[in-house]
Each structure stands twice: as C-alpha cells, then as structure tokens.
Amino acid sequence: MRLTGAVVLVTGASSGIGAAVVRRLTRAGSRVLAAGRDPERLARLAAETGAAALPADLARPGAGRDLADRVLDRHPRVDVLVNNAGVGWAGRFAEMPDTVADELLAVNLRAPIELTRAVLPGMRRHGGHLAFVGSIAGRLGVAEEAVYAASKAGLDIFAQSLRPELARHRITVSVVVPGVVDTPFFARRGQAYRRRRPRPLPPERVADALADAIVRDRAEVYVPGWLRLPVAVRGLQPAVYRRLAARFG
Ligand SMILES: NC(=O)c1ccc[n+]([C@@H]2O[C@H](COP(=O)([O-])OP(=O)(O)OC[C@H]3O[C@@H](n4cnc5c(N)ncnc54)[C@H](OP(=O)(O)O)[C@@H]3O)[C@@H](O)[C@H]2O)c1
C-alpha cells in the first residue's frame, strides 16, 4: 500500500509512538488525521507536521464509532487505520482498582474494534490497511501486568483473525509488537521501567517498522526483531520458557 496521498487515521497521536508515527507518515506524504486526548499536544504536533488534530477520549463506549464518524464527515474514506492508543497499569492484580480494568479494555481493545468496524465499509470498496500496535506483553504474558497483557493479546488475535477474512477485499492487516519503548507510557502506568535490559528503544524505531509493515504488507513485525525468539521458545517449549522466565524475568 502506498503512503503518499493515503488518508491515515492514527490514534494515540498526542504522545510517544503515535506522535512518531504521525511524523513518519506525514514525511512520506500521507494525509494524517491525528487523534488523541490532549488537545494542546495534538495542536503542537499538527502545527509541526501538517496533520489534522482530532481530540477524542476513547474510553467511553461508542467513542471509537464517534471518532470514525467525525473523520468520515470530512473524508470519503480512511485508507489506513493505525490503532495505537493504549494505556497500561502495573501492580498486583488483586490490588488493581476495578475501574482500571474497564479503562484498559475500553481503550486498548473495544475502541480499536469499534474504529475498525466503522472504517471497514469504505475500505471494502477501495482496499486499505489496518495496523495494530500490540505488545510483547500480549504475546508472552507478564506478571503484574495481567489485564494490560490480556487486552493486548485480545487486540493481537483480533487483528490476526481479520487478516485472512479481509484479504479478498484488498484490505491488509499488520500487528506491530514492540518490546520496551522510550515514551511516557511507563510514568503514566504508575511504575517506571526499572530493568537494565532490554534498553528502551526510541519510538521512531516503532514508527519506521509500522510504516514498513503498511508498505510491504507485513503481517507482524517485532521491534526489536529478536523478540520473536522468546515467543518461539514459548510456542515450542512452554515448560522451558516458564523456567527461563522465572529465572530471568
Ligand atoms: N512504550 C512501550 O514500551 C510500549 C511497549 C509495547 C506496546 N506499547 C503500546 O504502544 C502504544 C502507544 O504507547 P506509547 O508508548 O506511545 O505511550 P504514551 O506515550 O503514553 O501514549 C499513549 C497514547 O494513547 C493515548 N490514550 C491513552 N488513553 C486514551 C484515551 N482514553 N482516549 C484516547 N487516547 C488515549 C494517549 O493520549 P494523551 O497523551 O492525549 O492522553 C497517547 O496519545 C500503546 O498501545 C502501548 O500499549 C508501548
């Protein structure tokens, strides 16, 4: 799929990976619609890149559909949807406030499902691309991030299920699976990233991988690439994986 001239809706554009994706895609000549919660950060990004700012809170039921409706009022269709907005929470599951699970599932899983459904009719006529920002947490599971990992696993398998279903409509689907990325994500989830390794990667690495996945129709991209190894070990030798994970975390 060509990026030049494509109408691209990016969620979570006001920070971190989403902002890097907006910069990457506007440089490539896409017409980017940048959605996020913080109107001031979005307005600054829009002024810098030429993207259109679309402030929206995706935690409410129906918010994904409403955002898509606002976009489709201005544009006949969306060529590329980047489902990137996400929120984390770290800590013991038993101590997690009830409202947090609702928020994580709403923003990380329900809103992308709503947005995807809303843009599909146009895409089915003209083709397009659906990109999902998953997480290595959703492929491996992570202690003290159970609901976040579950929301990302749900998003991941949603995307993988859509890919064969939509292929005949010339709609391609990709999942980008980042490891640790240097963004405000960790400060916001209430627990800083404390490990020495793996080192956090710049969000631009994820943005480059995502752009490549759109252009070259890549079903999944790990960032960094070596993350496919623990996933493969877990798939082939789950007991070995559990022993290694218990030892090295
Ligand atoms: N950072 C990592 O290490 C890492 C690793 C794997 C996967 N990821 C995933 O990458 C994606 C981007 O995260 P990031 O690292 O760039 O984190 P970030 O800097 O915290 O950005 C998160 C984005 O999601 C938006 N968002 C959060 N809650 C929202 C809501 N209720 N409604 C609408 N938008 C909302 C934020 O909007 P505002 O800023 O306007 O509030 C922000 O634009 C997420 O899906 C995350 O799960 C991150």
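The values are calculated or read from the model by the stated rules, or taken from the named source; none is laboratory data. None of the values given here were measured: they were computed from a predicted structure. In this analysis, Cβ positions are derived from the backbone assuming ideal geometry, glycine residues included, and neighbour counts consider all displayed protein chains. Remember, those area values only see protein heavy atoms, side chains included, never the ligands or the DNA or RNA. Shrake-Rupley method; radii C 1.70, N 1.55, O 1.52, S 1.80 Å.
Those residues that are within 17 Å of residue 163 (Cα to Cα) and open to solvent by 10 Å² or more (accessible area, probe 1.4 Å), I need them from region 123-141; list them, please.
As a first pass, look at region 123-141 and keep what is within 17 Å of residue 163 (Cα to Cα): 123-134.
Within region 123-141, 124, 125, 126 qualify.
Mind listing just one residue for me: the one in region 148-194 that is acidic (Asp, Glu) and within 13 Å of the ligand (Cβ to nearest atom) and, of those, nearest to residue 108 (Cα to Cα)? Break it down into steps so the answer makes sense when it comes.
So in region 148-194, the residues acidic (Asp, Glu) come out as 156, 165, 182.
Filter once more, keeping what is within 13 Å of the ligand (Cβ to nearest atom): 156, 182.
Details: 156: 10, 182: 19 Å.
Of everything passing the filter in region 148-194, 156 is nearest to residue 108 (Cα to Cα).
Within region 31-45, restricting attention to residues that are more than 16 Å from the chain's Cα centre (by Cα) and within 13 Å of the ligand (Cβ to nearest atom), which residue is surrounded by the fewest Cβ atoms within 10 Å (Cβ to Cβ)?
Result: 40.
Could you run through region 46-64 and say how many residues are out of contact with any Leu (no Cβ under 7 Å at 6 or more places or on another chain) and more than 9 Å from the ligand (Cβ to nearest atom)?
Going through region 46-64 one residue at a time, the tally reaches 7.
Considering only residues of region 164-187 that are of a type outside the set (A, V, I, L, M, F, W, C) and closer than 18 Å to residue 143 by Cα, which is surrounded by the most Cβ atoms within 10 Å (Cβ to Cβ)?
By that ranking, first place goes to 178.
Looking at 161, 151 in this structure, which one is in a helix (DSSP H, G or I) and surrounded by 23 or more Cβ atoms within 10 Å (Cβ to Cβ)?
Numbers: 161 fails: surrounded by 23 or more Cβ atoms within 10 Å (Cβ to Cβ).
On inspection, the qualifying residue turns out to be 151.
Open to solvent by 60 Å² or more (accessible area, probe 1.4 Å) and of a type in the set (Lys, Arg) - does that describe any residue in region 97-115?
yes
May I ask you to list pairs of residues, at least six apart or on different chains, whose Cβ atoms are under 9 Å apart, with the first in region 15-38 being touching a residue at least 40 places away in the same chain (Cβ under 8 Å) and the second being open to solvent by 10 Å² or more (accessible area, probe 1.4 Å) and aromatic (Phe, Trp, Tyr)?
15/185; 16/185; 17/185
Kindly list the number of the only condition in (1) in contact (Cβ under 8 Å) with a residue 60 or more places away in the chain; (2) surrounded by fewer than 16 Cβ atoms within 10 Å (Cβ to Cβ) that fails for residue 225.
If we test residue 225 against (1) in contact (Cβ under 8 Å) with a residue 60 or more places away in the chain; (2) surrounded by fewer than 16 Cβ atoms within 10 Å (Cβ to Cβ), just (1) comes out false.
Please identify the pairs in which a residue from region 174-196 that is acidic (Asp, Glu) has its Cβ atom under 7 Å from the Cβ atom of a residue that is assigned to a loop (DSSP other than H, G, I, E, B) and more than 8 Å from the ligand (Cβ to nearest atom), counting only partners at least 6 apart or on another chain.
Cβ pairs passing all conditions: 182/202.
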